[in-house]
């Protein structure tokens, strides 16, 4: 069985590493000659919109998936006409436009922060009369890890934020006074089998995920599963999906969803019976899903821009280091590490040690 992946970054790399024990082989389409996943399979080097390369990918692969949601919709549609593509182009189209995404979530009864479509500077000024301050102005597309966003603290910020958009369609969202950020990683197979991982509690800095920690028997688990089930069912979704949420006064408000394996689920490699990456492959190949049960207490720390000395990290008990083979660069995720422990207290102690090392080399 051969799986094609649009993208050759660390998510594609981790999918491939999970697939090799299952006898799955891979072909990657990526414009970068140095894409870090491509040592694990064949590399079609070129633009994502090159129809000759897309045709070649569809010939070589039994099924095609992707590692990021900014794949042009016409690419997914072209591939779907020639081979199986999971998740579907519809899921991609909804997720890559913030306005369409929020409308879709609300239609399913999943609450979001208040928002308005922004097409002109006047529409932004009018929207702020009902949204209020503070708020955040975001491009409708191509935004990730805090990119394409401006915080609006007062009317004095409007002009510069609007100019920063450079004419791109946008949405303005009201700030949510949340007590914590959480996410649920779920998976649905071709046959409709569903499975859910324990919630993750997440800490961001500068719009980039820094720490995720698995939660045991969290009171919000059932509500999050309900929301993500509605979403996956409506989309006839196949594969892993992550839904990011805010907890506000004991209720959940949706932020956004990612139609792919997700950074907040990296802890599942060592911390769950079956990782999100293996279950993504099981889902798109219509194999039985593996157990999503957590193993011990577990957390994940990202390394942004640079990384601590590997020897220093590995001195910390129960640390598992994942280097992506990517050159250090400001704001770039180049590695992560997970920690497992038998008690929550032990996990907190070890996590603090790892975060301290990460902070020393952070370049975000």
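In the distance distribution for segment 2-85, Cα-Cα pairs more than 15 Å apart total 49 percent. Once the mean of 1/r is taken over each pair of separate Cα atoms and inverted, segment 150-261 shows a Kirkwood hydrodynamic radius of 15.9 Å.
Per-residue ellipticity at 222 nm computed for the chain from its helices equals -9000 deg cm²/dmol, with DSSP H segments shorter than 4 residues left out and the rest contributing -39,500 (n - 2.57). Over all pairs of different C-alpha atoms in segment 114-174, the reciprocal of the mean inverse distance, the Kirkwood hydrodynamic radius, equals 11.2 Å.
Residue exposure proxy: 58, 34, ordered by other Cβ atoms within 10 angstrom of their Cβ from fewest to most, comes out as 34, 58.
If you look at the Cα atoms of the chain, you get an Rg and a Dmax of 20.2, 58 Å.
What is the projected area of the convex hull of the Cα atoms of segment 246-294, averaged over all directions, in nm²? Averaged projected hull area, Cα only: 4.3 nm². Subtracting the Cα-Cα distance of residue 203 and residue 178 from 0.36 nm times their residue separation leaves 7.8 nm of extension gain.
Note that segment 267-364 shows a convex hull volume over its alpha carbon atoms of 96 Å³ per residue.
Applying 1/(1 + (r/R0)^6) with r as the Cβ-Cβ distance of residue 119 and residue 33 and R0 = 41 angstrom yields a FRET efficiency of 0.60. Averaging Cα coordinates gives a centre for segment 140-218 and one for segment 270-312; these two points are 21 Å apart.
Any read-out appearing in this document is the output of simple, stated calculations on the displayed coordinates, not a laboratory observation. Model, not experiment: these values are computed from the prediction. Every residue, glycine among them, receives a Cβ derived from its backbone with ideal geometry; neighbour counts consider all protein chains shown.
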